[in-house]
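See below for the structure under consideration.
None of the figures in this text is laboratory data; all of them are computed from the coordinates on show. Please read all numbers here as calculations on a predicted model, not as lab measurements. We place every Cβ from the backbone using ideal geometry, glycine too, and count neighbours over all the protein chains shown.
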Amino acid sequence: MVWTPGVAFRTAAGVAVGAACAYFLWPVAGPVAMMKAPGAAGLLISRAAFLASPQLYFQLLRTAGVKAAVAAFAA
């Protein structure tokens, strides 16, 4: 797989969108249900964020790595 600027931009945009969603939806969420992150060795992510966009989570996991995917979907 060749790393191209387009992939880097999409990954950065995905992380930014995930962070923005987490920031703006945090006050509405109240108590956050957590789940073990798939493919991330037992780290925890927000269940609601994952269910809202599982494709984004797996894209981030493949392209940016475990830390970026978990950070984008953290509560």
Gain in span if fully extended, residue 62 to residue 17, counting 0.36 nm per residue against the direct Cα distance
14.5 nm
In nm, to one decimal, how far is the modelled label at residue 10 from the one at residue 36, with both set 7 Å along Cα→Cβ?
3.0
